[in-house]
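Here the structure is laid out as structure tokens; the discussion comes afterwards.
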Amino acid sequence: MSAAVVGGQYGSEGKGLIVAHIARDYDTHVRVGAANAGHTFWTRNDKIEGQYEGASVDAAWEKHVMQQLPCAAYANPDAVLCIGPGAIISEEILDRELREWSAWRREHGFGVDYVWIDEKAHVVREEHKLVETGSGLQERIGSTSATAREGIGACQAARVMREAGCILAGDALDVDERVFLGKIAYKLDGRNVMLEGTQGASLSLTTGDFPFVTSRNTTIAGLCADAGYPASKVDRRIVVLRTYPIRVAGNSGGFYDDSREISWDVVGIDPENERTTVTKKIRRVATFSMDQLVDAVILNDPTELALTFCDYLEPRIHGESGKWDALKSYRSVEMMVNAIEDAAHVPVTMLGTGPHSVIELERK
Ligand code: GTP
Ligand code: MG
């Protein structure tokens with residue numbers, strides 16, 4: 001049994017929350033993409049909980065933002081972790097994540113572990129950062145502002161051009177005790193694999209809102225290609241959607257015609273909650289688009305949907321978790337779930353109700 005989790009809108013749908021929630025069902029996890037995507041989730045910090053009786057709830061939770069490693073690094077410490085051949089690696093960020101992860105494992109009593117990185121993954125070089133900074137890309141397409149400084153698009157372009165300056169992880173990375181380089185396809189074969197997608201369907205290079213897109217395909221097909229994993233083996237396909245889709249700040253493109261850009265005041269949310277971790281800017285927000293949902297469904301053929309930020313629609317649901325068979329006391333969420341299922345013909349199986357809470361919907 002293998003799963004893929006992708007975004008259905010413009011990214012930041014909370015893929016991290018959903019991946020972390022089901023991470024223990026899969027023994028092998030693959031991340032693709034690059035450091036311009038950050039997957040955020042929280043784990044319970046048992047140590048703090050045990051140490052200080054009566055510690056506040058927040059003190060019992062540990063936040064993780066993953067830019068290169070799969071979320072399973074913390075959400076399933078027994079899993080095999082892989083970075084796929086289509087990934088682009090920023091060495092400093094990978095190195096920091098590996099160091100933090102090793103320290104965390106030691107602290108929590110887990111043994112030494114390794115990350116398998118495909119030898120064909122690419123590594124960003126200084127010149128890629130310079131190419132993008134001087135290209136005017138940042139000015140033309142605001143959504144690439146984080147990427148442009150990081151050289152990810154230029155590294156991808158160098159890969160396509162098969163340039164000399166384009167280096168493979170197998171040649172570039174200093175292999176230390178925490179990394180194995182090789183062909184991860186062999187590592188994935190016959191395992192229960194979780195493929196962790198980045199960004200969202202509308203940012204996909206070929207089928208998204210061009211030119212306000214990212215430098216790779218972000219659908220399940222693109223994710224499989226970047227992971228080097230056969231799409232026919234993915235039997236659980238999850239598209240994650242926010243109740244209010246967002247785009248990054250600045251000149252980042254429009255929203256769908258059947259939705260409306262609104263302010264965070266209208267949503268009733270403090271905009272500080274929507275400042276991005278990588279760019280530190282406030283995200284733009286709009287009402288939910290049924291047309292965008294239909295596009296994401298047509299492109300991904302999901303077997304199920306996850307709806308996050310239900311607490312933005314109905315604050316009373318914040319922090320609720322567990323297995324539910326009905327949503328009757330949360331009328332607005334129930335109506336939205338019904339409308340989504342009617343348009344998509346796909347069941348909504350998980351609801352995000354806060355940064356570290358998920359309701360599993362098991363309706364009869
Ligand atoms: P990208 O690949 O970068 O698009 O990542 P992502 O889809 O994993 O989303 P990301 O973690 O960047 O952003 C989501 C943010 O919202 C994080 O800070 C999460 O902790 C938070 N979040 C996720 N789901 C929910 C939810 O249901 N409610 C609330 N209030 N916050 C959520
Ligand atoms: Mg993110």
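Here are a few things to note about the model shown:
- Interchain or long-range residues, amide H under 5 Å from VAL348's placed H: LEU305
- Dipole moment magnitude, nearest 20 debye, the range 229-362 about Cα centre, only Lys, Arg, Asp, Glu C-beta charged: 520
- Here the dipole of the range 61-155 is about 140 debye; that uses its Cα centre as origin and unit charges on the Cβ of Lys and Arg (positive) and Asp and Glu (negative).
- Measuring between their Cα centroids, the range 292-364 and the range 225-250 lie 16 Å from each other.
- For the chain, built as a Gaussian network whose Cα springs stay under 10 Å, the top-fluctuating residue of ARG242, ARG44, ARG284: ARG44
- When +1 charges are put on Lys and Arg Cβ atoms and -1 charges on Asp and Glu Cβ atoms, the dipole computed for the range 196-262 relative to its Cα centre reaches about 180 debye.
- Exceedance of the 25 Å cut-off in Cα-Cα distance is limited, within the set LYS233/LYS328; LYS63/LYS183; LYS63/LYS281; LYS187/LYS233; LYS63/LYS328, to LYS233/LYS328; LYS63/LYS183; LYS63/LYS328.
- Cα gyration tensor category, rounded, prolate or oblate, for the range 244-313 with a/c compared to 1.5: prolate
- Theoretical FRET efficiency, 1/(1+(r/R0)^6), r = Cβ-Cβ of ILE282 and ARG140, R0 25 Å, to 0.05: 0.75
- Nitroxide proxy distance, nm - points 7 Å out along Cα→Cβ at ASP78 and ASP301: 3.3
- Set of aspartates and glutamates with alpha-carbon distance to LYS280 below 13 Å, sequence-local pairs under 8 removed: GLU272
- Distance between the modelled labels on MET1 and ALA103, one decimal in nanometres: 3.6 nm (7 Å Cα→Cβ projection).
- Summarising the overall dimensions of the chain from its C-alpha atoms, the Rg and Dmax are 19.8, 61 angstrom.
- Structural descriptor for the chain: relative contact order 22 percent, calculated from alpha carbon pairs under 8 angstrom and at least 6 residues apart.
- In terms of its C-alpha gyration tensor, the range 232-362 comes out oblate, because a/c is 1.5 or above while a/b does not outweigh b/c.
- Each of SER90, MET161, THR287 was scored by the projection of its Cα onto the charge dipole of the chain, and the greatest displacement toward the positive side belongs to MET161; charges sit on the C-beta of Lys, Arg, Asp and Glu.
No lab work stands behind these numbers, since they all come straight from the coordinates. Treat the numbers as computed from the prediction; the structure is a model and nothing was measured. Every residue, glycine among them, receives a Cβ derived from its backbone with ideal geometry; neighbour counts consider all protein chains shown.
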